[in-house]
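Peer 1: One structure, as structure tokens, below. Some questions next.
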Amino acid sequence: MYFLDLIGTFAFAVAGAFQAREKNLNIFAVTLMGIVTAVGGGTFRDLVIGRTPLFYLEDQNYLLLSILGGVATYFIPHFFKRGFSFFRFLDSLGLAAFAIIGISVTTSHLFQGNPHGIIALIVSVIMGTITGVGGGIIRNALMGNLPSVFNQESTYIPASFLGSLVFYVLMFLDVNMAIFVSMVATLSVREIVAPHGIYKKVFKKEARLDLSY
């Protein structure tokens, strides 16, 4: 999960930085948008639940990968555009990992004594969802755009919500099973249901380049 979390962090940084690069922003802005996209959701989660130090200050690999993703996207945007489907899939893996980690962090920090109950369910699933989508919302707000996760075609929020809910429900039975099923659920929504996923790209040849996230 840690490895997938780092991969997702880099992919999120690339996705965020790419949007800024497409608007011809300078290297500082491109890198900043990459960082915000990669760690914004987790930052919001940690601040809401009162968890300090922030996760990327405790483990600086997250921040370093975010900076690397932003800088690399600024200098070689065409490389990431050519490999869009691959990096989009990494982005989906990251979303799945972020949702699971958001749930885990929230339940361990807020509800370590009693992670059961309707309040624990609601708060944990919301924090898991926000961990996945919060960075993109903050980035779009900073860029003066309506957050793309609110678009009709976007599957980011449904995928993150479903992955979070599935993990929370199943983690009381078996954590490994919960991780697997949660990731399958998230990836299914992002890569099979979504109009830009690998299923339609590979099997139906319908996908088009989607820079909405």
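The values are calculated or read from the model by the stated rules, or taken from the named source; none is laboratory data. None of the values given here were measured: they were computed from a predicted structure. All Cβ positions, even for glycine, are placed from backbone atoms using ideal geometry, and neighbour counts span all protein chains on display.
Peer 1: Starting from segment 140-169, keep only residues that are touching a residue at least 60 places away in the same chain (Cβ under 8 Å), then list their pairs with residues that are assigned to a loop (DSSP other than H, G, I, E, B) and of a type in the set (D, E, K, R) whose Cβ atoms are within a distance under 8 Å, requiring at least 6 positions of separation or different chains.
Peer 2: Cβ pairs passing all conditions: MET143/LYS23.
Peer 1: Could you tell me which residue of segment 3-29 is surrounded by the fewest Cβ atoms within 10 Å (Cβ to Cβ), considering only residues that are over 18 Å from the mean Cα position of the chain (by Cα) and of a type in the set (A, V, I, L, M)?
Peer 2: Checking each candidate, the answer is ILE27.
Peer 1: On the basis of being among the hydroxyl-bearing types (Ser, Thr, Tyr), closer than 19 Å to ILE157 by Cβ, out of contact with any strand residue (DSSP E or B) (no Cβ under 6 Å at 6 or more places or on another chain) and part of a helix (DSSP H, G or I), does THR9 make the cut?
Peer 2: Here the answer is no, as THR9 does not meet what is asked.
Peer 1: Of everything in segment 71-93, what is polar (S, T, N, Q) and either more than 18 Å from VAL149 (Cβ to Cβ) or out of contact with any helix residue (DSSP H, G or I) (no Cβ under 7 Å at 6 or more places or on another chain) (or both)? Give them in sequence order.
Peer 2: If the condition is that a residue be polar (S, T, N, Q) and either more than 18 Å from VAL149 (Cβ to Cβ) or out of contact with any helix residue (DSSP H, G or I) (no Cβ under 7 Å at 6 or more places or on another chain) (or both), then THR73, SER85 are the ones that fit.
Peer 1: So GLU58 fits all but one of (1) buried (at least 18 other Cβ atoms within 10 Å of the Cβ); (2) free of Cβ contacts under 8 Å to residues at least 24 places away in the same chain; what number is the exception?
Peer 2: Single failed check for GLU58: (1).
Peer 1: Among the listed residues ILE119, ILE137, identify the single one that is under 18 Å from the mean Cα position of the chain (by Cα) and assigned to a helix (DSSP H, G or I).
Peer 2: Only one candidate passes the filter, namely ILE137.
Peer 1: Follow-up question, since we're still on this one. Taking segment 105-116, which residues are at pLDDT 85 or above, surrounded by fewer than 20 Cβ atoms within 10 Å (Cβ to Cβ) and not aromatic (Phe, Trp, Tyr)?
Peer 2: Residues satisfying the conditions are SER108, HIS109, LEU110.
Peer 1: Only residues that are part of a helix (DSSP H, G or I) and either without any contact (Cβ under 8 Å) to a residue 40 or more places away in the chain or of a type in the set (Phe, Trp, Tyr) (or both): list them for segment 68-103, please.
Peer 2: TYR74, PHE75, HIS78, PHE79, PHE80, ARG82, PHE84, PHE86, PHE87, PHE89, PHE98
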